[in-house]
Each structure stands twice: as C-alpha cells, then as structure tokens.
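Asks: Right, I'll just put the structure down here and ask away after.
Every read-out reported here was derived from the displayed coordinates using simple, explicitly stated rules and does not represent laboratory data. Here the structure is a predicted model, which means the values were calculated and not measured. Note: ideal-geometry Cβ built from the backbone for every residue, glycine included; neighbour counts use all protein chains shown.
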C-alpha cells in the first residue's frame with residue numbers, strides 16, 4: 001500500500017517514513033502543501049496523511065483541492081490543533097479521520113488501517129495461482145517445496161501479477177504504483193526485481209512464470 005505523507009517538521013517526517021516503511025508501507029514524503037497537491041493529483045496513492053499547518057498550502061487546502069479534483073483516497077489529518085471546530089472543519093472538508101499531536105505510533109498505524117480497510121478487506125487472505133500461495137499478511141511465498149519471504153517491493157510486484165493472472169502489467173504501472181511519482185529510480189529497476197522474483201519462483205519449483213511481452217509488460221502464466 002502506498003502512502004503520501006505531508007509533514008513539514010523534518011524530524012517527525014523522517015520518523016514517520018521509517019515507521020510506515022517498517023510496517024510494510026511504501027511512502028513518498030513532502031514538506032509543504034504545494035508539493036502534496038502535485039503528488040496527490042499526479043501520482044497514485046492508497047492513502048494520504050496530511051499535517052494541517054504547512055507552508056505554501058495548509059492541509060485543509062490540500063484536502064479540499066484533491067477532493068475537488070475527484071480524488072477519493074482515504075485521508076488522515078495530522079495536526080497539533082485539537083479544538084472541536086478544527087476537527088469538524090477537517091472532517092467536513094473530506095477527511096476520513098483526524099489525529100491530534102502528540103500521538104502514539106500504534107494509534108497512527110491503527111487509524112491508517114481503519115481508513116484503508118475498504119482497500120484491504122482481504123489483507124489477511126492469501127493469493128493462490130498454480131502451486132504458489134502468497135500471504136498478504138506475512139509476505140511469504142510458498143509452494144509444496146518450500147517457502148521464502150519476499151521484500152516489500154517484490155511482494156507488491158507479485159501481488160499485482162497474482163491478483164490478475166494473464167493480464168499485462170506494464171513497467172510504467174509498476175513504477176507508478178510501487179516506486180511512486182517523481183521517483184529517482186530508473187525504469188530498469190523493474191527488470192531487476194522481475195529477475196529477483198523469477199529466481200525465487202524457480203528455487204521453489206513454482207509451476208508459474210513471469211512472462212515478458214515485448215513493448216507491453218509482464219504477465220503471470222502457468223508453465
């Protein structure tokens with residue numbers, strides 16, 4: 001799951017990026033509202049965590065702007081303001097939840113899980129194709145011959161392929177969904193991770209393969 005974090009306190013921003021990454025989220029972070037608007041309108045995210053008091057555009061302005069643009073992703077407002085009127089303004093502007101600083105890390109993660117539940121209703125379920133089973137809760141890839149834990153990006157790529165076997169996923173789609181808008185990574189990184197996945201599938205004697213289609217992308221097919 002990909003999160004856009006907009007928080008202008010740099011130490012807190014870095015700490016939250018580390019927290020989300022440790023808990024298997026992919027995170028892009030910005031330090032002002034103007035960048036948040038650009039990232040959210042041009043990128044692909046499953047959730048946004050927005051501080052209210054930010055330079056260039058406050059969190060409420062960001063929220064109103066993306067809602068006006070038709071973005072329906074869940075949004076958590078994160079702020080030092082605790083007055084009832086401020087909470088009401090945030091919720092009435094389209095926020096899904098509101099968390100006041102200071103907060104516990106566990107509560108923040110729980111709030112994010114709660115507002116994204118409609119996207120992750122099957123987060124604890126397994127994906128199965130051929131003789132492969134992929135656990136969404138543990139990132140373990142299993143066959144009857146063994147199991148291996150995938151890295152975060154390996155998991156996201158294989159999840160995309162296993163969620164729609166036979167459908168073509170382009171390198172651009174992988175880049176946008178997993179590496180994110182404005183990533184410094186080159187598109188060749190997709191091929192590198194495909195190679196990693198192919199090795200892990202082969203080591204488990206999987207009866208599925210990741211097939212490359214020239215100038216199109218990749219599909220997951222039975223051998």
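Asks: Could you tell me, in Å, what Rg and Dmax come out for the Cα atoms of region 108-223?
Replies: 14.5, 43
Asks: Moving to a separate point now. At 7 Å along Cα-to-Cβ for each site, give me the label-to-label distance between residue 92 and residue 196 in nm.
Replies: 4.7 nm
Asks: Using only the Cα atoms of region 27-80, construct the convex hull and provide its projected area averaged over every direction, in square nanometres to one decimal. Write out the running numbers ahead of the final one.
Replies: Working: hull surface 13.1 nm².
Dividing the Cα hull surface by four gives the mean projection, 3.3 nm².
Asks: What Kirkwood hydrodynamic radius, in Å, does region 63-147 give when the mean of 1/r is taken over all pairs of distinct Cα atoms and then inverted?
Replies: Working: mean 1/r = 0.0643 Å⁻¹.
In region 63-147 this quantity evaluates to 15.5 Å.
Asks: Next question, about the same structure. Please state the relative contact order of the chain as a whole percent: Cα pairs under 8 Å, 6+ residues apart? Don't skip to the end; give the middle numbers.
Replies: Values: 358 pairs, mean separation 33.5, N = 223.
Rounded, it is 15 percent for the chain.
Asks: Order of 7, 186 from fewest to most other C-beta atoms within 10 Å?
Replies: Details: 7 24, 186 11.
Ranked by crowding around the Cβ, least crowded first: 186, 7.
Asks: Report, in degrees rounded to the nearest 10, the 0 to 90 angle that the Cα long axis of helix 59-68 makes with the longest principal axis of the chain.
Replies: For helix 59-68, the angle is close to 60 degrees.
Asks: Decide, for region 2-115, between rounded, prolate and oblate: order the square roots of the alpha carbon gyration tensor eigenvalues as a ≥ b ≥ c, take rounded if a/c falls under 1.5, and otherwise choose prolate if a/b is larger than b/c, else oblate.
Replies: Numbers: a/c = 1.32, a/b = 1.09, b/c = 1.21.
Rounded shape, in that the Cα axes give a/c under 1.5.
Asks: In nm, what is the difference between 0.36 nm times the number of residues separating residue 185 and residue 44 and their Cα-Cα distance?
Replies: Values: separation 141, 0.36 × 141 = 50.76 nm, distance 1.63 nm.
My answer for the length gained is 49.1 nm.
Asks: Please report, to one decimal in angstroms, the Kirkwood hydrodynamic radius of the chain built from all distinct Cα-Cα pairs. Numbers along the way, then the final one.
Replies: Details: mean 1/r = 0.0535 Å⁻¹.
Here the Kirkwood hydrodynamic radius works out to 18.7 Å.
Asks: While we're here: Obtain the nm distance between the two label points defined at residue 138 and residue 103 by a simple spin-label model: each point lies 7 Å from its Cα along the Cα-to-C-beta direction.
Replies: If labels sit at residue 138 and residue 103, their model points lie 3.1 nm apart.
Asks: What is the packing order of peptides 42-52, 17-27, taking the mean over residues of other C-beta atoms within 10 Å and listing the highest first?
Replies: Values: 42-52: 21.1, 17-27: 15.9.
Ranking, from highest mean packing down: 42-52, 17-27.
Asks: On a 0 to 90 degree scale, rounded to 10, what angle separates helix 105-115 from the longest Cα axis of the chain?
Replies: The answer is roughly 80 degrees.
Asks: Starting from the Cα of residue 215, step 7 Å toward the Cβ, then list every residue of region 165-209 with an amide N under 20 Å from that point.
Replies: Flagged as within label range: 168-174, 187-188, 191.
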